[in-house]
Amino acid sequence: MTLSGLHDASSRWLFGLAGVALALAVALYVMEVVLRYAFSAPTTWSGEVVQYMLAITIFCGLPEITRRTAHVAIDILPDALPKPAAVWLGRMNMGLATLTCGAASCIVAREAFKQFERGLMTNAAHPIPRWWLTALIALGLVSAALHFARWIREGRG
């Protein structure tokens, strides 16, 4: 399997993880509503877990959404430009997206490492280590950056 194929497969796997996290968030949210209003027995932890699952959903879903070019695009300007100018603008946008996601992933990965070294926990009723959530955010961003860079290389950007 090529590196591109491996990258695509990892994006699909992360997207599956995002789907599981979203399903869990929805189930916990419904459970919390039922427990709170039907049984007057709210939990102290489900809201925190839903927050974590939403972060996982967003950043694990990002690489596959980027790979599929399924993001929201406002293409009024590129559609109005002549073909060569639209291609140039597309490549400039992909270059900017690559640099932005890449830089953000470096910043976030450094923060995850600091959190790991310091043993930082979330500010919650039931704290968990922060670093693994931050590391997943960095992973999603760097994978998206690689997809943007591949678009440029493959002439799609």
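The values are calculated or read from the model by the stated rules, or taken from the named source; none is laboratory data. Predicted model only: the values in this text are computed from it and were never measured. No Cβ is skipped: glycine too gets one built from the backbone with ideal geometry, and neighbour counts run over all protein chains shown.
Some notes on this structure:
- Filter result for GLU111 (among the acidic types (Asp, Glu), modelled with pLDDT of 95 or more and over 25 Å from TRP13 (Cα atoms)): no
- Residue within region 57-79 that is farther than 30 Å from VAL142 by Cβ, over 13 Å from the mean Cα position of the chain (by Cα) and in a helix (DSSP H, G or I) present: yes
- Residue within region 3-15 that is within 16 Å of the chain's Cα centre (by Cα), closer than 19 Å to ALA124 by Cα and assigned to a helix (DSSP H, G or I) present: no
- You will find that of HIS7, HIS71, the residue that is under 25 Å from TRP151 (Cα atoms) and free of Cβ contacts under 8 Å to residues at least 60 places away in the same chain is HIS71 and no other.
- Evaluation of ALA124 against the conditions (1) loosely packed, with under 14 Cβ neighbours inside 10 Å; (2) among the aliphatic types (A, V, I, L, M); (3) not in a helix (DSSP H, G or I) shows that the sole unmet condition is (1).
- Restricting ALA138, ALA144 to those that are small (Gly, Ala, Ser), in contact with a Leu (Cβ under 8 Å, 6 or more places away or on another chain) and modelled with pLDDT of 95 or more reduces the list to ALA144.
- Number of residues in region 25-44 that are over 20 Å from ALA124 (Cα atoms) and not in a helix (DSSP H, G or I): the value is 2.
- Residue within region 111-120 that is outside any strand (DSSP E or B) and at positive phi present: yes
- Pairs where the first residue, in region 81-96, is without any contact (Cβ under 8 Å) to a residue 12 or more places away in the chain and the second is among the charged types (D, E, K, R), C-beta under 8 Å, 6+ apart: ALA86/ASP79
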